[in-house]
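Next up is a structure, given as structure tokens.
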Amino acid sequence: MSLKVCKFGGTSMADGNVMNAVKKIILSDESRRYIVVSAPGKRFGGDVKVTDLLYACYEETERTGACGSAFAKIRTRFESIVKELNLDMDISSVLDETECRLNREKSRDFTASRGEYLSARIMAKLLGAKFVDSEDVVFFDENGRLDSEKTYKAIAKAVSGAKLAVFPGFYGTDVNGKVKTFSRGGSDISGAIVARAVGAGLYENWTDVSGFLACDPRIVENPRRIKSLSYKELRELSYMGANVLHSESIFPVRKANIPIVIKNTFRPEDEGTTILPISQYKPEGNVVTGIAGKKNFVVILIEKSHMNNEVGFVRKVLSVLEREGVSVEHIPSGIDTMSIVFETEQAEGYKLERVLEGIKDECEPDVIRVMENVALIATVGHGMSSSIGTSARLFKAMAEANVNVKMIDQGSSELNIIVGVKNEDCDRCIAAIYHEFFR
Ligand code: ASP
């Protein structure tokens with residue numbers, strides 16, 4: 001029987017009731033053996049996630065030297081979970097130790113990581129499972145990237161002989177022995193790392209939705225659910241804003257061809273969405289798999305006669321951006337023109353001015369223009385490469401919705417078409433493309 005790694009997200013940890021439902025899910029299948037958990041999420045609209053409370057704790061520590069009143073909220077939250085679960089666990093002592101260490105370490109990452117730590121301690125107790133602290137088994141290298149070899153070995157060793165083990169998601173240890181977190185939503189990555197380390201047959205990611213939808217339900221009412229996706233499609237869609245799963249989660253599992261399934265803790269019988277390597281992926285016959293969009297990009301448009309003959313021109317432009325530490329998303333180009341696309345937060349105000357001045361001085365373009373407040377919309381699907389007329393349909397739908405196309409970029413894999421539109425046209429554009437392909 002191939003084993004499963006299950007990651008439960010914040011809403012699956014929100015209170016004692018849901019944690020009991022999680023326990024039932026885990027115990028209903030013997031192959032669910034290694035569990036990764038997030039910090040408790042929102043219990044109702046307007047509630048605050050534990051991780052956000054912890055960031056507030058850190059701010060209080062910065063301001064006053066200790067995290068007294070902000071930590072009180074964390075304390076109440078975890079004490080009530082233990083009470084709801086009727087668990088024989090001395091959570092007060094664990095919380096006391098945690099508060100002491102927070103005040104001692106005064107580290108933003110360490111503080112943020114305690115939500116996962118505490119929920120994993122409780123979940124391990126609830127299941128009678130081994131608790132494995134990610135601090136002892138997940139390691140980052142000197143560049144802040146996962147030290148995969150060391151991590152996989154440590155995890156495999158930690159679980160050997162354990163029938164059931166629980167890991168806190170979201171964090172590990174850096175080269176200086178300090179706790180470091182992944183980016184927000186990073187427990188998904190932790191789950192993928194554990195799946196890879198133990199050679200899982202399946203990585204189940206339990207959340208509060210029944211899988212990926214073909215587009216954002218806040219834009220189109222009741223969009224179609226995607227039954228299966230390839231790793232590549234997932235990466236494109238989640239990178240572009242479909243936030244069911246962290247876009248980095250595929251890297252650990254992809255090399256080992258471990259499928260991921262997105263499941264709903266609140267509707268466990270729903271089939272969910274399965275994410276598979278391309279070799280195992282069976283398209284559902286749709287041209288387009290999904291559409292996702294992200295707002296707030298900047299586009300720099302550069303024109304220079306004979307640009308194409310000038311050896312090193314692109315390098316010169318990019319070296320200005322590199323010097324300013326700007327990470328570039330896309331570089332669509334034409335004869336004598338190129339555009340550079342990056343997220344607005346990468347270069348605002350003076351930094352953007354410096355980038356523009358640098359390009360003017362060092363590359364001497366004939367024309368340089370800036371377009372701000374641009375949204376990028378990715379239409380993604382393996383079916384697109386073999387289906388004639390896809391882009392015609394896409395652009396016709398946009399024209400009919402009166403959306404002006406600012407930029408077009410088609411990836412070389414023909415897996416996606418990315419269009420740039422004004423921020424304010426973004427939702428209308430997504431809806432128009434959705435209706436064209438899923439009508
Ligand atoms: N608790 C962290 C966050 O809110 C990590 C996670 O939930 O995956 O971002």
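All of the numbers you see were taken from the coordinates with simple rules; none came from a lab. Keep in mind that this is a model prediction, so the values were computed, not measured. Note that we place each Cβ from the backbone using ideal geometry, even for glycine, and neighbour counts take in every protein chain shown.
Rounded if a/c is under 1.5, else prolate if a/b beats b/c, else oblate: with a ≥ b ≥ c from the C-alpha gyration tensor eigenvalues square-rooted, which is the range 386-439?
It comes out oblate by the Cα gyration axes.
If Lys and Arg each add +1 and Asp and Glu each add -1, what is the summed charge of the other residues whose beta carbon sits under 10 Å from the beta carbon of Leu415?
Value of the local net charge: -1.
Still on this structure, I have one more. Less than 15 Å Cβ to Cβ from Ser160, Lys/Arg counted +1 and Asp/Glu -1: what total charge do the surrounding residues give?
Net of charged neighbours comes to +4.
Something else now. Could you name the lysines whose alpha carbon sits less than 21 Å from that of Lys106, not counting residues in the same chain fewer than 8 places away?
List returned: Lys49, Lys73, Lys178, Lys180.
Under a crude label model (7 Å from the Cα following the beta-carbon direction), how far is Glu364 from Glu284 in nanometres?
5.6 nm
Check the straight Cα-Cα distances from Lys316 and name the lysines below 25 Å, setting aside those fewer than 8 residues away within the same chain.
Hits, sequence-local ones excluded: Lys304, Lys351, Lys360, Lys406.
Are there any chymotrypsin sites (Phe, Trp or Tyr not before Pro) in the range 1-72 that are in a DSSP loop and have at most 14 other Cβ atoms within 10 Å? List them by number.
Phe44
Could you work out how far helix 91-105 tilts from the main Cα principal axis of the chain, as a 0 to 90 degree angle to the nearest 10?
Taking the Cα atoms of the chain, the angle to 91-105 is about 50 degrees.
For the range 241-258, list residues with backbone N below 19 Å from a point placed 7 Å from the Cα of Ala401 toward its Cβ?
The answer is 241-243, whose backbone nitrogens lie closer than 19 Å to the label point.
Counting alpha carbon pairs within less than 8 Å and at least 6 residues apart, what relative contact order, in whole percent, applies to the chain?
Contact order relative to length: 13 percent.
Around Val253, with a cut-off of 12 angstrom between Cβ atoms, what is the net charge of the other residues, counting Lys and Arg +1 and Asp and Glu -1?
Here the count lands on +2.
Note down the nm distance, to one decimal, between modelled labels 7 Å out along Cα→Cβ at Leu27 and at Arg354.
Placing both labels 7 Å beyond Cα along the Cβ direction yields 5.8 nm.
Please sort by residue number the GluC sites (Glu not before Pro) in the range 201-292 whose DSSP state is loop and whose Cβ has at most 16 other Cβ atoms within 10 Å.
Hits after loop and neighbour filter: Glu221, Glu269, Glu271, Glu284.
Once a ≥ b ≥ c are taken as the square roots of the eigenvalues of the Cα gyration tensor of the range 280-356, is the result rounded (a/c under 1.5), prolate (a/b larger than b/c) or oblate (a/b not larger than b/c)?
oblate
Using alpha-carbon pairs under 8 Å, 6+ residues apart, how would you state the relative contact order of the range 121-227 in percent?
It comes to 22 percent, rounded to a whole number.
Sticking with this one: Give the list, by residue number, of cysteines in the chain with no other Cys Cβ closer than 4.7 Å, or say none.
Cys6, Cys100, Cys215, Cys363, Cys426, Cys429, each lacking another Cys Cβ under 4.7 Å.
Specify whether the C-alpha gyration tensor of the range 190-231 places it in the rounded, prolate or oblate class, a ≥ b ≥ c being the square roots of the eigenvalues: rounded for a/c under 1.5, otherwise prolate if a/b is larger than b/c and oblate if not.
prolate
Follow-up question, since we're still on this one. For the chain, what does the equivalent ellipsoid look like in terms of its semi-axes, each the square root of 5 times an eigenvalue of the Cα gyration tensor, given largest first in whole Å?
That gives 41, 27, 20 Å for the three semi-axes.
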